[in-house]
Amino acid sequence: SNVEADGAFIYIGLDPITDMIKELEITDESGYVTVDHSMMTPIPGIFAAGDVISKELRQVVTAVNDGAIAAQDAFHKIKGI
């Protein structure tokens, strides 16, 4: 059907695309990656951010925040800070 609108929000679902890391065993029962406060997974040195991590709210603003936290912590770990 056709619907007249000034804009649209395209909903693509909430299923995380994490099959490629399933063998690492860092996902919860729903397939979301588990991370700590610095976005590090249970495997040291592997970070995750955005809509694939286990959290309450999945929006662009929270994904950007997650990425900034992960990048900063990864930088500090690389530099030995």
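The values are calculated or read from the model by the stated rules, or taken from the named source; none is laboratory data. It should be emphasised that the depicted structure is a prediction, and the values quoted were computed from it without experimental measurement. Virtual Cβ from ideal backbone geometry, glycine too; neighbours counted across all protein chains shown. Each accessible area value is taken on the protein alone, full model and side chains, heavy atoms only, with ligands, DNA and RNA left out. Shrake-Rupley method; radii C 1.70, N 1.55, O 1.52, S 1.80 Å.
Measuring r between the beta carbons of residue 55 and residue 23 and using R0 = 22 Å, the FRET efficiency lands at 0.45. Residues whose amide H falls under 5 Å from that of residue 53, counting only those 5 or more places apart or on a different chain, are 33, with hydrogens built in the peptide plane. Coupling constants for segment 72-77 follow from the phi torsions by the Karplus curve (6.51 cos²θ - 1.76 cosθ + 1.60, θ = phi - 60°), and in residue order they are 5, 5, 4, 4, 4, 5 Hz; glycine and proline get x. Only helical runs count toward this figure. For the chain, summing -39,500 (n - 2.57) over DSSP H runs of n ≥ 4 and dividing by all residues gives -8500 deg cm²/dmol at 222 nm. Only one residue of 20, 50, 35 has its Cα farthest out toward the positive end of the dipole of segment 13-64, where Lys and Arg carry +1 and Asp and Glu -1 on Cβ, and that residue is 50. Amide H contacts for residue 46 (H built 1.01 Å from N in the peptide plane; partners 5 or more residues away or on another chain; cut-off under 5 Å): 41. Accessible surface for the chain, divided over its residues, is 78 Å² per residue with a 1.4 Å probe. Only protein atoms count toward the accessible area here, which uses a 1.4 Å probe; on the chain, the carbon and sulfur part of that area reaches 57 percent. Taking the Cα centre of the chain as origin and assigning +1 to Lys and Arg Cβ atoms and -1 to Asp and Glu Cβ atoms, the resulting dipole is close to 420 debye. Once you have a ≥ b ≥ c as the square roots of the Cα gyration tensor eigenvalues for the chain, tell me rounded if a/c is under 1.5, and otherwise prolate or oblate according to whether a/b is larger than b/c. Judged from the Cα gyration tensor, the chain comes out oblate (a/c at least 1.5, b/c at or above a/b).
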